[in-house]
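The values are calculated or read from the model by the stated rules, or taken from the named source; none is laboratory data. This one's a predicted model, so the numbers in the text were calculated from it and none came from an experiment. Cβ placement follows ideal geometry from the backbone for every residue including glycine, while neighbour counts extend to all protein chains displayed. The accessibility values were calculated without ligands, DNA or RNA, using every heavy atom of the protein model including side chains. Shrake-Rupley method; radii C 1.70, N 1.55, O 1.52, S 1.80 Å.
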Number of protein chains: 2
Amino acid sequence: MNKPLRIAIAGLGTVGCGVVDMLTRNAALLSLRAGRGIVITCVSSRDKSLKRDVDVSAYAWVDDSLHMATRDDVDVVVELIGGHEGIAKDLIEVALKSGKHVITANKALLAHHGFALAKLAETNGVQLMYEASVAGGVPIIKAMREGFAGNKISAVYGILNGTCNYILTEMRETGRDFETVLVDAQEQGFAEVDPSFDVDGIDAAHKLCILSGLAFGVKLNFENLAVTGIRHITASDITYAEDLGYRIKLLGIVRCNNGKIYQSVEPCLVHEDSTMGAVEGVFNTVLVEGDGIEIGQCIGRGAGAKPTASSVVSDLVDLARGYNVPTFGVPYDALVDADWGENGSLMARFYLHLSVTDRVGVLSDVANILKLNNVSVEAMAQLGHDPENPVSITFTTHAVKQADIENAVQKIAGLPAVLARPTMLRIEEI
Amino acid sequence: MNKPLRIAIAGLGTVGCGVVDMLTRNAALLSLRAGRGIVITCVSSRDKSLKRDVDVSAYAWVDDSLHMATRDDVDVVVELIGGHEGIAKDLIEVALKSGKHVITANKALLAHHGFALAKLAETNGVQLMYEASVAGGVPIIKAMREGFAGNKISAVYGILNGTCNYILTEMRETGRDFETVLVDAQEQGFAEVDPSFDVDGIDAAHKLCILSGLAFGVKLNFENLAVTGIRHITASDITYAEDLGYRIKLLGIVRCNNGKIYQSVEPCLVHEDSTMGAVEGVFNTVLVEGDGIEIGQCIGRGAGAKPTASSVVSDLVDLARGYNVPTFGVPYDALVDADWGENGSLMARFYLHLSVTDRVGVLSDVANILKLNNVSVEAMAQLGHDPENPVSITFTTHAVKQADIENAVQKIAGLPAVLARPTMLRIEEI
């Protein structure tokens, strides 16, 4: 048997403990698969005295995790601290510079500093691995970096945040509104006390950034990413969408169109009977379009100790087997600055919902604005007919230019009879 | 730039030409991803004069493909001839013995000779790659061998044959019967002139064999595989299943239960709103259950020139990058003879359909047989009530022992009032 792969684990939260547990529980199997043992030599965390589900007493305890990065008995540093600045970043940088491989689940760090870290890894001849950073237990980094390596990728669509998908699924199944379901999700541990990172789409955006880099060989760019969360989605939107045969999903999307790259995170409508629509609750999925595969989709748990640990451990097995692949699939110096496109120039079908006072002429005004902005309506439904109460009108459009419908919606929102901010959602035919 | 990876392609049918096309079309991208060029040095096929969609005139033509296996200018032999004996087998054996890596899409060959070939590859220090052998463009071999390497796998479920899935989907959507849809599929090129390999489950069984080896580290064993195809599925079965909220899918299943391995290919019921039920038409999918991921599922095109070529090329990129992983995920000498279980001892819920003459006492006879065989009925529906015509009765059962319900069905089939062979299908809660 070859010499074991020696690892340091920085961060003993849910995922860190999950990794310790998996390495211990499946040790014999892992040695067989990896061709050598995978042994933990040292660990670190903020609080040594904290009671944990796993026994870490057999490993050297390192008070300052930075010290792990330079230890002679460490081949791989597993960074599970989190945060895109500070200690996590310092640790990874020092580790790479010291010739240690690094495994991280830190999507924020990669989204902000991915290119610099890839350069650091490659110039030091080590691997920077991050399977756990996107979609938990789903091996989507591997699929994109290796499995689809023959393909010219044209688009990637992902349900990348389990909290949002859980909330949207619950809203649909129970008819409750966003706030109620959010509180419930917080109580059950599916949402954070401060949910903004999740429900405002930031977490999904970090993950999408990584997928953009992998798909198109571009430098990760978190700034050129239009992000809309799910707070404004109402129970009615979900019901209306369902009546039309759609489900609302928070999608991270990146696509290439005539050489320009378009990325966004926003709630969209997908067909309820599609393999995308069927991904419900806390599950995540990524669907890739390429010139060979046509489509390839992976589904799994997007978070949690065990699924995330599974991805960290698969990176460890890869390293033990002698893995050697550029961080984002091509050498760092081949990563290019993308020609970022304006999402407004894209064509798509849209769903539109208006809440209006029921009086003569409203529909005519709305229809006129749509027409003047080149928005061609495919179907319309007016729900309720009662002069005392607001009336809901839903539209679906033919494929229209996004900027055109945005203009139209802005003007429609200014009509006196329109009572609330209209809801406008893209329809994705995937 | 490093020296190019030099490949020989044996077999220039649909997939072979697809590989040539992809390597040519995406050459620059592939070099970047692989870290070096991937160049075709020679090709062979049965008929040199055949008109092809790709131009192969730039490559050396080898009349006897066996000669490729020993050429000095070849690092990798890509076997796309097919057949589990004869020239394909000879070629792979000689290539491996000559220190060439081998890539194959040949599921039949692997199902029958996988262990011997893995041994040959490993003892000669080369890789035997076969991503294209299961589920076309879906990188499921990579997912199982690497992506889920941290997991103890407990079960694998696959829709592994696009022809069957297409036929079953068409039957459901159009209400037509098996024979009519088959003829239609043959005319459209979705089914072979001799469809038996597909519709009788053999092709799916070959693929399942490979997945069994990967999942459980067992020697591939095509003999211990109970195979039932889809010829006996009627349009009515599909309608009744749909009324109950299920779709019928030909599933390859392998699972581990108390140390025993159970493998089968058979049509089963899956929930229509599950991510398994949503995989329709020619698409394939594999769902893996593991102790870390809980579940992981991949979906994609199961056949066709481009998707299959995508998998072959991903293997080539892996090899160019220096890939080194045991053929079935663990060294060949760690592969064990499985303790194969009898499927009859497994517990499952079942769907049962009987066609009976509508007369007093039939239901009582049936119910009595079920009771005597410990089959507990969950729900029953009697469709139609006309003494002149047969009556359909459908049952779903609680979880029962498969052998018990098989006994019951055999006895029920012998009742004079039962007009046709009853349909019995497992319900898989995935």
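General observations
- Hits in the stretch B:27-61 - residues which are surrounded by 11 or more Cβ atoms within 10 Å (Cβ to Cβ) and closer than 20 Å to A:ASP333 by Cβ: B:ALA27, B:LEU29, B:LEU30, B:SER31, B:LEU32, B:ARG33, B:ALA34, B:GLY35, B:ARG36, B:GLY37
- Matching residues in the stretch A:165-191 - criterion: being open to solvent by 40 Å² or more (accessible area, probe 1.4 Å), part of a loop (DSSP other than H, G, I, E, B) and within 21 Å of A:GLY300 (Cβ to Cβ): A:GLY189, A:PHE190
- Of the residues making up the stretch B:261-300, those that are open to solvent by less than 10 Å² (accessible area, probe 1.4 Å), under 19 Å from B:GLU242 (Cβ atoms), part of a loop (DSSP other than H, G, I, E, B) and touching a residue at least 40 places away in the same chain (Cβ under 8 Å) are B:MET276, B:VAL279.
- Residues (more than 7 Å from chain A (Cβ to nearest Cβ) and part of a helix (DSSP H, G or I)) located in the stretch B:304-320: B:ALA305, B:THR308, B:SER311, B:VAL312, B:ASP315, B:LEU316, B:LEU319, B:ALA320
For (1) modelled with pLDDT of 95 or more; (2) within 14 Å of chain B (Cβ to nearest Cβ); (3) surrounded by 24 or more Cβ atoms within 10 Å (Cβ to Cβ); (4) touching a strand residue (DSSP E or B) at 6+ places or on another chain (Cβ under 6 Å), each residue gets a yes or a no:
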position	(1), (2), (3), (4)
A:HIS84	no, no, no, no
A:ALA88	yes, no, no, yes
A:LYS97	yes, no, no, no
A:LEU128	yes, no, yes, yes
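- Residues that are within 30 Å of B:PRO331 (Cα to Cα) and either of a type in the set (Asp, Glu) or within 14 Å of chain B (Cβ to nearest Cβ) (or both), drawn from the stretch A:62-74: A:ASP72, A:ASP73
- Of all residues assigned to the stretch A:142-154, none qualifies as being away from chain B (no Cβ under 14 Å) and touching a residue at least 40 places away in the same chain (Cβ under 8 Å).
- In the stretch B:208-260, the residues that are basic (Lys, Arg) and open to solvent by less than 10 Å² (accessible area, probe 1.4 Å): B:LYS249
- Residues in the stretch A:192-203 that are touching an Asp or Glu at 6+ places or on another chain (Cβ under 8 Å), at negative phi and either assigned to a helix (DSSP H, G or I) or buried (at least 21 other Cβ atoms within 10 Å of the Cβ) (or both): 2 in all.
- The lone criterion from (1) open to solvent by less than 10 Å² (accessible area, probe 1.4 Å); (2) out of contact with any Lys or Arg (no Cβ under 9 Å at 6 or more places or on another chain); (3) of a type in the set (D, E, K, R) left unmet by A:GLU146 is number (2).
- Scanning the stretch A:62-79 for residues that are open to solvent by less than 30 Å² (accessible area, probe 1.4 Å) and of a type in the set (A, V, I, L, M) turns up A:VAL62, A:MET68, A:ALA69, A:VAL74, A:VAL76, A:VAL77, A:VAL78.
- Residues satisfying the criterion are absent from the stretch B:6-18 (criterion: within 14 Å of chain A (Cβ to nearest Cβ) and of a type in the set (Lys, Arg)).
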